[in-house]
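Novice: What follows is a single structure, and I will ask about it in a moment.
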Amino acid sequence: MQRNLTVNGRQYPVDVDDDTPLLWVLRDVLGLTGTKFGCGIALCGACTVHVDDAPRRSCVTPISALPDGARIRTIETLGELPEGKVLQQAWLDVEVVQCGYCQPGQLMSAAALLSVNHTPQDADIDAVMSGNICRCGTYARIRKAIKTAAAQLPSAEAGTERVPAMEAHG
Amino acid sequence: MQAKETSVSSSACSRRAFLVGMTAVGGGLLVSFRLSPAAAQTSPAVADFLAPNAFIRIDRAGRVTLILPYVEMGQGAYTSQAQLLAEELEVDLDQVTLEAAPPDESLYSHPVFGDQITGGSAGLRGSWDTLRRAGATARVMLETAAAQRWGVDGAECTTRRGEVVHGASGRRAKYGALVDDAARLPVPLDIMLKDPASYKLIGHSVKRVDTPEKVTGAAKFGIDALPAGVKFAAVAACPVFGGKLGTVDERPALRVRGVHQVVKLDDAVAVVADHTWAARKGLAALDISWNEGASATLDTARLVADCDAALEREGVVVAETGDPEAAEAQAASRYEAVFRMPMLAHLAMEPINCTAHVREDDCEIWVGCQRLALARRLAAETLGMPVEKVTIHNHLLGGGFGRRLEADYVAQAVRIARQLEGPVKVTWSREEDVQHDYYRFHNHSRVRVGIDAQQRPVSFSHRIVGPSVMARWLPIFFQNGVDLDMVGGATGPYRWPAQRIEYVRQEAPPGLATGNWRGVGPTRNVFVVESVIDDLARAAGRDPLEYRRSLLADSPRALAVLERAADLAGWGRPLTRGRGRGISLLNDFGSYVAEVAEVSVEPSGSLRVERVVCVVDCGVAVNPDVVHAQMEGGIIFGLSAALYGKITVANGRVEQSNFDDCPVLRMNETPSIEVHIVDSAEEPGGVGEPGTAALFPAVTNAIYAATGVRLYELPIDREQLRSA
């Protein structure tokens, strides 16, 4: 099915079957390889992107399920968001990263958290980040980096939500 | 894998390492070493060529390129190797370009392994002398060239940030301007390495060089390779170990939009398409019949029973001191225990993948692999091509943990690619990754200890049952019937009055592949030995810390990490009911590690690891923050396996498939981890694996302290922790 996808502010004409998960469109069709394949069934979070500012596991998001005109953001433009920019810097300052494969997904999840919550507590971080697996074991540093980044965001803007809305996932 | 020979010492290095050539290449100064190894001697064709480990290229424009022999899989290898080279070359890391070494075992073999291998927590140990000397040699030649040009004594010249400076006259010359002169000089064989007191990079937590592009999505892992015209393949290998393809009707897959071709291998089917989803859909549409073969009835109960039976067999005596049999016969009492460890998968976050383009006369491969030269040899062999016709583009690894020490997926990708026009990326599903691993196999151990009337051990006998990965994978580590990895850490760092280590080789059935897993031999044996020690302490009515201390008179470094860990963890301070502390000690990979775990156990059997304190003496910590990160990560990796790690087999198939039925540790389960590094001027030890290996017994000993339940099997069985 021919359709247009808006990814990172750019329009891409795409012609694949309706059931094709966004993940494979991003990676194989559009060549945006920053979004990672990890499990294929929303268990690991490596494929996390933002759809209309909300975190989505792209491996279980068929493109037919995307709202018309959906704005898709991937790791490649995370730095354009204020919370994305401070998170990426905090990731480097805290030296979170080891192999780095899961980190695009970790950062997208963390950015979704900070987009609604500038004062994340441990429970908020656990709630949002426990869906993202890291086999190198960088969890403690991720927690620290999220707090480091959050401290640089204006707390007045924090909303009432503690964690972002997330579609049910495994 | 652990280096059984000690890491190359300074003096050994100056004897064994010699500069085999230096010339101006491509307008640059190229310096390289050959480190003795047998591999080089067996390659006369390259004997007069510039040879191993890392090397340095400086061009006339002053561009400094450091070529790094060990691959980056998260362990900070690029950063640490660059630190060693840049330190002695006197350049800063912002002045260099880093290049991953291509596959070439004649140039880049690990000095102990004799092949191009990143593993065994041995990369830094293999680099320590080689790379520092490579840097220093280049620096001395540049200094000499400058001194000659200026007519001054070389000793009056200094170097910093890529420049030679003559302080007295204020003259300076950039390295690039000295390249041609330096290239004409004889190569100095006796070079002074820098005084560690003057280190600016080594011993400092310099920022990692590989991470900026990893937070923007720009980093390229093997799975991200997109050569022009690439197609995408999904693959299903026979689900039964060693089984073969029967028949398959291709048509259902070919009806899926975007599917181009179905490729049949003798043991697998691949579907090739415009993108991975179409390929996966096509594969799912196929009704494949398999010839399941001899393993079709295999199950875990049989594998365990076979290992138990092997425990009753005589093995090869690996080491014997004193007369343990006699000592045991005369002992006042005897201790005996059997330990059983499960099969484990690796579950690296980047699923197994390889991209290949096979043309008539050559082949190009894009992959992340811990054993590049093996990958190249295997591809060449599979295709019947000379090795020189195979080009491998080395990529970052999304985790290795031992799985990418194999190259089976490279062979599979070229078998698929040879049936296609153009390049193809073969990406395994997570299910395929879990079910076609090179598993850490079942390992069983029996330990017998003779105890005297004063409750002191008089003999220690350890019989180890397991497969020999080394016999297949690195035969120089399989000697006189003994897999040197299997017996690593078999006695612990303790002094036993008499001891015997015995190895009984028990291979997995054909088709069930076994391999290396983070922590290798010590991951198994440290669990055994440290559990035994705790049991012995309990039997003697003594504190486990104090009991260990009494057996460590000969091991001051082991004793030091043990005591420091206990101290930092508050050993001996009272805990609330249901909580317990356990301690473990390891001397392996050239490092000493002690860990204290604190656990809480609910009456329901629910278990939480609350805290892990880890003290590591790894000699010189080249990059302390990287050491911290490796210990933290190693502990998490071990904890995943201790709590959940178990691959089981039924009907010849692996029963698990994804992170739902083989769970790993997540953020909300992560304990507080505190890592402390002992200041040391000793040669660097490995840090990738000991954190994992020491974790298991720290946790089970803590459970013992909390509940009085001794766990002789892994993973931890919550049922056994439930209060009656």
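Novice: Could you check the stretch B:667-693 and list, in sequence order, the residues that are within 14 Å of chain A (Cβ to nearest Cβ) and either of a type in the set (Gly, Ala, Ser) or without any contact (Cβ under 8 Å) to a residue 24 or more places away in the chain (or both)?
Specialist: Correct list: B:667, B:668, B:672, B:688, B:691.
Novice: Just to be sure I understand, how many residues within the stretch A:70-85 are out of contact with any Gly (no Cβ under 8 Å at 6 or more places or on another chain), of a type in the set (Asp, Glu) and either closer than 16 Å to residue A:6 by Cβ or within 11 Å of another protein chain (Cβ to nearest Cβ) (or both)?
Specialist: Qualifying residue count, the stretch A:70-85: 1.
Novice: All but one of (1) crowded, with 21+ Cβ neighbours inside 10 Å; (2) at pLDDT 95 or above hold for residue B:165, so report the exception by its number.
Specialist: (1)
Novice: Those residues that are closer than 25 Å to residue B:277 by Cα and crowded, with 17+ Cβ neighbours inside 10 Å, I need them from the stretch B:231-248; list them, please.
Specialist: Selection gives B:231, B:232, B:233, B:234, B:235, B:236, B:237, B:238, B:239, B:240, B:245, B:248.
Novice: Please determine, by comparing only the residues of the stretch B:259-291 that are within 33 Å of the chain's Cα centre (by Cα) and acidic (Asp, Glu), which one is surrounded by the most Cβ atoms within 10 Å (Cβ to Cβ).
Specialist: Here the answer is B:267.
Novice: Looking only at the stretch B:314-329, count every residue that is in a strand (DSSP E or B) and over 13 Å from residue B:463 (Cα atoms) and tell me the total.
Specialist: 1
Novice: Residue B:529: farther than 23 Å from residue B:305 by Cβ and in a strand (DSSP E or B), yes or no?
Specialist: No, not satisfied.
Novice: Condition first: under 21 Å from residue B:366 (Cα atoms) and either of a type in the set (Lys, Arg) or assigned to a strand (DSSP E or B) (or both). Now tell me which residues in the stretch B:421-455 satisfy that.
Specialist: Within the stretch B:421-455, B:424, B:425, B:426, B:427, B:430 meet the criteria.
Novice: Follow-up question, since we're still on this one. Run residue B:276 past the list (1) touching a Leu at 6+ places or on another chain (Cβ under 8 Å); (2) within 14 Å of another protein chain (Cβ to nearest Cβ) and report the number of the one that doesn't hold.
Specialist: (1)
Novice: In addition: Could you look through the stretch B:560-575, keep only residues that are in a loop (DSSP other than H, G, I, E, B) and touching a residue at least 12 places away in the same chain (Cβ under 8 Å), and pick out the one that is surrounded by the fewest Cβ atoms within 10 Å (Cβ to Cβ)?
Specialist: B:572
Novice: Could you tell me which residue of the stretch A:19-66 is farthest from the other protein chains (Cβ to nearest Cβ), considering only residues that are part of a loop (DSSP other than H, G, I, E, B), more than 24 Å from residue B:230 (Cβ to Cβ) and touching a strand residue (DSSP E or B) at 6+ places or on another chain (Cβ under 8 Å)? Steps first, please.
Specialist: Here is the first cut: in the stretch A:19-66, the residues part of a loop (DSSP other than H, G, I, E, B) are A:19-20, A:30-47, A:52-53, A:61, A:66.
Checking the rest, the ones that are also more than 24 Å from residue B:230 (Cβ to Cβ) come to A:41-45, A:52-53, A:66.
Okay, now just the ones that are also touching a strand residue (DSSP E or B) at 6+ places or on another chain (Cβ under 8 Å), so A:42, A:45, A:52-53, A:66.
On the way: A:42: 10, A:45: 10, A:52: 20, A:53: 18, A:66: 15 Å.
For the stretch A:19-66, the residue satisfying everything is A:52.
Novice: Looking at the stretch B:456-482 only, could you name the residues that are outside any strand (DSSP E or B), more than 24 Å from the chain's Cα centre (by Cα) and among the charged types (D, E, K, R)?
Specialist: Residues of the stretch B:456-482 outside any strand (DSSP E or B): B:456, B:467-477, B:480-481.
With more than 24 Å from the chain's Cα centre (by Cα) added as a condition, the list becomes B:456, B:480.
Selection gives B:456 alone.
Novice: If you don't mind, another one. Give just the number: which of (1) more than 7 Å from chain B (Cβ to nearest Cβ); (2) surrounded by fewer than 23 Cβ atoms within 10 Å (Cβ to Cβ); (3) closer than 21 Å to residue B:225 by Cα does residue A:4 not satisfy?
Specialist: Going through the list (1) more than 7 Å from chain B (Cβ to nearest Cβ); (2) surrounded by fewer than 23 Cβ atoms within 10 Å (Cβ to Cβ); (3) closer than 21 Å to residue B:225 by Cα, residue A:4 breaks only (3).
Novice: Kindly provide the set of residues from the stretch B:100-122 that are of a type in the set (S, T, N, Q) and farther than 25 Å from residue B:592 by Cα, ordered by number. Step through it out loud before you land on a result.
Specialist: Here is the first cut: in the stretch B:100-122, the ones of a type in the set (S, T, N, Q) are B:106, B:109, B:116, B:118, B:121.
The answer is B:106, B:109, B:116.
Novice: If a residue has to be part of a loop (DSSP other than H, G, I, E, B), away from chain A (no Cβ under 14 Å) and modelled with pLDDT of 90 or more to count, how many in the stretch B:170-228 make the cut?
Specialist: Within the stretch B:170-228, residues that are part of a loop (DSSP other than H, G, I, E, B), away from chain A (no Cβ under 14 Å) and modelled with pLDDT of 90 or more number 10.
Novice: Does residue A:83 satisfy being of a type in the set (Asp, Glu) and within 27 Å of residue B:687 (Cα to Cα)?
Specialist: No; evaluated as a whole, the condition is false for this residue.
Novice: Now, a different point. Of all residues in the stretch A:9-18 being in contact (Cβ under 8 Å) with a residue 24 or more places away in the chain and within 11 Å of chain B (Cβ to nearest Cβ), which is nearest to residue B:218 (Cα to Cα)?
Specialist: Start the filter on the stretch A:9-18 by keeping residues that are in contact (Cβ under 8 Å) with a residue 24 or more places away in the chain, which leaves A:9, A:14, A:16, A:18.
From what is left, the residues that are within 11 Å of chain B (Cβ to nearest Cβ) are A:14, A:16, A:18.
Details: A:14: 23, A:16: 25, A:18: 28 Å.
Checking each candidate, the answer is A:14.
Novice: Tell me, which residue of the stretch B:57-81 that is under 16 Å from residue B:627 (Cβ atoms) and polar (S, T, N, Q) is nearest to the chain's Cα centre (by Cα)?
Specialist: The selected residue is B:75.
Novice: Can you find a residue in the stretch B:653-661 that is within 24 Å of residue B:560 (Cα to Cα), away from every other protein chain (no Cβ under 14 Å) and among the hydrophobic types (A, V, I, L, M, F, W, C)?
Specialist: If we filter the stretch B:653-661 for residues that are within 24 Å of residue B:560 (Cα to Cα), which is where we start, we get none.
No: the stretch B:653-661 contains no residue that is within 24 Å of residue B:560 (Cα to Cα), away from every other protein chain (no Cβ under 14 Å) and among the hydrophobic types (A, V, I, L, M, F, W, C).
Novice: How about the stretch B:492-513: which of its residues are on the phi < 0 side of the Ramachandran plot and surrounded by fewer than 19 Cβ atoms within 10 Å (Cβ to Cβ)?
Specialist: Matches in the stretch B:492-513: B:495, B:497, B:507, B:509, B:510, B:513.
Novice: Criterion first (touching a residue at least 12 places away in the same chain (Cβ under 8 Å), assigned by TED's automatic domain parsing to the domain that holds residue A:58, hydroxyl-bearing (Ser, Thr, Tyr) and touching a Ser or Thr at 6+ places or on another chain (Cβ under 9 Å)) does residue A:6 satisfy it?
Specialist: No; evaluated as a whole, the condition is false for this residue.
Novice: Here is a further query. Considering each of A:98, A:88 in turn, give the residue that is within 10 Å of chain B (Cβ to nearest Cβ), modelled with pLDDT of 95 or more and touching a Cys at 6+ places or on another chain (Cβ under 6 Å).
Specialist: A:98
Novice: Determine, yes or no, whether residue B:65 is at pLDDT 50 or above, among the hydroxyl-bearing types (Ser, Thr, Tyr) and farther than 30 Å from residue A:134 by Cβ. Show your work before the answer.
Specialist: Values: at pLDDT 50 or above: yes; among the hydroxyl-bearing types (Ser, Thr, Tyr): yes; farther than 30 Å from residue A:134 by Cβ: yes.
Against the criterion (at pLDDT 50 or above, among the hydroxyl-bearing types (Ser, Thr, Tyr) and farther than 30 Å from residue A:134 by Cβ), residue B:65 qualifies.
Novice: Taking the stretch B:249-258 on its own, how many of its residues are surrounded by fewer than 24 Cβ atoms within 10 Å (Cβ to Cβ) and in contact with a strand residue (DSSP E or B) (Cβ under 7 Å, 6 or more places away or on another chain)?
Specialist: Matching residues across the stretch B:249-258 total 3.
Novice: Is it fair to say residue B:632 is closer than 30 Å to residue B:659 by Cα, within 14 Å of chain A (Cβ to nearest Cβ) and under 28 Å from the mean Cα position of the chain (by Cα)?
Specialist: yes
Novice: Now for a different question. With the structure loaded, tell me whether residue B:204 is under 22 Å from residue B:82 (Cα atoms) and touching a residue at least 12 places away in the same chain (Cβ under 8 Å) or whether it fails that test.
Specialist: Criteria met by residue B:204.
Novice: Return the total of residues in the stretch B:134-162 being assigned to a loop (DSSP other than H, G, I, E, B) and either surrounded by fewer than 20 Cβ atoms within 10 Å (Cβ to Cβ) or more than 38 Å from the chain's Cα centre (by Cα) (or both).
Specialist: The total comes to 4.
Novice: A further question on this structure: Taking the stretch B:709-724 as the region of interest, how many residues are outside any loop (DSSP other than H, G, I, E, B) and among the polar types (S, T, N, Q)?
Specialist: Counting residues in the stretch B:709-724 that are outside any loop (DSSP other than H, G, I, E, B) and among the polar types (S, T, N, Q) gives 1.
Novice: Here's another thing I want to ask about it. Considering only residues that are more than 24 Å from the chain's Cα centre (by Cα), of a type in the set (Lys, Arg) and not assigned by TED's automatic domain parsing to the domain that holds residue B:74, which ones fall in the stretch B:195-232?
Specialist: B:231
The values are calculated or read from the model by the stated rules, or taken from the named source; none is laboratory data. Just so it is clear, the structure is predicted and the values come from calculations on it, not from any experiment. Using ideal geometry, Cβ is built from the backbone for each residue, glycine included, and neighbour counts are taken over all protein chains shown.
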